[in-house]
Amino acid sequence: MLEAVKDIFRRRYLRKFASEVPTGIIPISQVRSAVTFIDVEDTSFDKCKVDVQAFYREHGIKGEIFFFDFRKIDSTERLITSITNTILKRDLSWCGKPSQEKINLMLGSDPDLFISLVRSRDFPIEFMAKCSRARFKIGRLQIPGDTFDLVVSEPEDKVLSEAEIFAGVKVYLGKIG
């Protein structure tokens, strides 16, 4: 019963916040700003962050990196990413919608490119992808409604790290031009 109620509210949030901007594949030369989502539970998240930042610099892209950190952090542990760009479990509503502050932060950068390296189809990444006004959206797993214009997935017999998936994203972006 609770899941059905959650689904009703999730659909309502998606209708209210979903972007109307048409999306499609655009050449990297037309990308001025970008946003990338990384899951800190991936063992390669730090290397991936460095790779993404280097890619942005190399192509003159103003980029923001957001982190999903849904781990249970006790009082003795410290957050390993910037609190500003990190979406924590406490930043989610009861049905999984990120806080308005985090949504506004992502939308404020007005990205041309949206990249999700998160290995999940959970509501928080679905919401952020669908409400982003980016003209080109790349994901690791397709989200219902064909949200992503390009999906860079892993072979069925192997689980790749975020850094390895991002290496594949760079190859495809290089081929697009």
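A few comments on the model shown:
- Were the residues from TYR172 through LYS89 laid out at 0.36 nm apart, the gain over their Cα-Cα distance would be 26.6 nm.
- Pairwise Cα distances in region 2-54 exceed 18 Å for 63 percent of all pairs.
- Members of LYS6/LYS72; LYS16/LYS170; LYS72/LYS170; LYS47/LYS72; LYS6/LYS47 lying beyond 26 Å, as alpha-carbon distances in this model show: LYS16/LYS170; LYS72/LYS170; LYS6/LYS47
- The dipole here belongs to region 28-111: it is taken about the Cα centre, uses +1 on the Cβ of Lys and Arg and -1 on the Cβ of Asp and Glu, and is about 160 debye.
- Expressed as a whole percent, the accessible surface of the chain that belongs to carbon and sulfur atoms is 51, based on a 1.4 Å probe.
- For the chain, the extents of the C-alpha atoms along the principal axes are 47, 41, 37 Å, listed from largest to smallest.
- Nearest-10 value in Å² for the accessible area of LEU92, using the 1.4 Å probe: 40 Å²
The values are calculated or read from the model by the stated rules, or taken from the named source; none is laboratory data. Since we're looking at a predicted model, the values are computed, not measured. Backbone-built Cβ (ideal geometry, glycine too); neighbour counts: all protein chains shown. The area values use the complete protein model at the heavy-atom level, side chains included, leaving out ligands, DNA and RNA. Shrake-Rupley method; radii C 1.70, N 1.55, O 1.52, S 1.80 Å.
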